[in-house]
Ligand code: SF4
Ligand code: SF4
């Protein structure tokens, strides 16, 4: 199947900002320091109203992401998905992931 049929769904509402996905990806793909297959960015904390704060992390795959093709061809999960202890990353068919994307906000769907 073409890689473009598959993607990553990241439910960043539950992302803790632990950076495990970044590290796992860099080790698996031997990515040099300063470059990323996936990068976790922090937004906030910002006060957006009385006693209301915005503070979240968003992991974003980059052009170095190949959706862990070697692993997935062997039936394994991408290493970022495998190492995410918040279980907020999922690999699968874009068609299926898009249905889950509709379930609630604060998610990112990535495809090659
Ligand atoms: S799917 Fe693989 S290559 Fe892509 S961000 Fe995750 S670990 Fe890196
Ligand atoms: S491993 Fe999971 S919880 Fe940790 S930064 Fe990445 S997506 Fe967020």
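The values are calculated or read from the model by the stated rules, or taken from the named source; none is laboratory data. In this text the structure is predicted, and so the values were computed from the model without any measurement. In this analysis, Cβ positions are derived from the backbone assuming ideal geometry, glycine residues included, and neighbour counts consider all displayed protein chains.
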Practice problem: Considering only the range 39-72, state which residues are over 22 Å from residue 110 (Cβ atoms) and either within 14 Å of the chain's Cα centre (by Cα) or in a loop (DSSP other than H, G, I, E, B) (or both). | Solution: 50, 51
Exercise. Scan the range 21-39 residue by residue and report those that are near ligand 2 (Cβ under 9 Å from one of its atoms) and either free of Cβ contacts under 8 Å to residues at least 24 places away in the same chain or crowded, with 19+ Cβ neighbours inside 10 Å (or both).
Key: 21, 24, 38
Self-check item: Condition broken by residue 2, with the remaining ones in (1) surrounded by fewer than 13 Cβ atoms within 10 Å (Cβ to Cβ); (2) at pLDDT 95 or above; (3) over 23 Å from residue 102 (Cα atoms) satisfied
Solution: (2)
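Matching residues to (1) touching a helix residue (DSSP H, G or I) at 6+ places or on another chain (Cβ under 7 Å); (2) more than 16 Å from ligand 2 (Cβ to nearest atom); (3) in contact (Cβ under 8 Å) with a residue 60 or more places away in the chain:
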| residue | (1), (2), (3) |
| --- | --- |
| 45 | no, yes, no |
| 50 | no, yes, no |
| 56 | yes, no, no |
| 60 | no, no, no |
| 69 | yes, yes, yes |
| 74 | no, yes, no |
| 79 | yes, no, no |
| 83 | yes, no, yes |
| 86 | yes, no, yes |
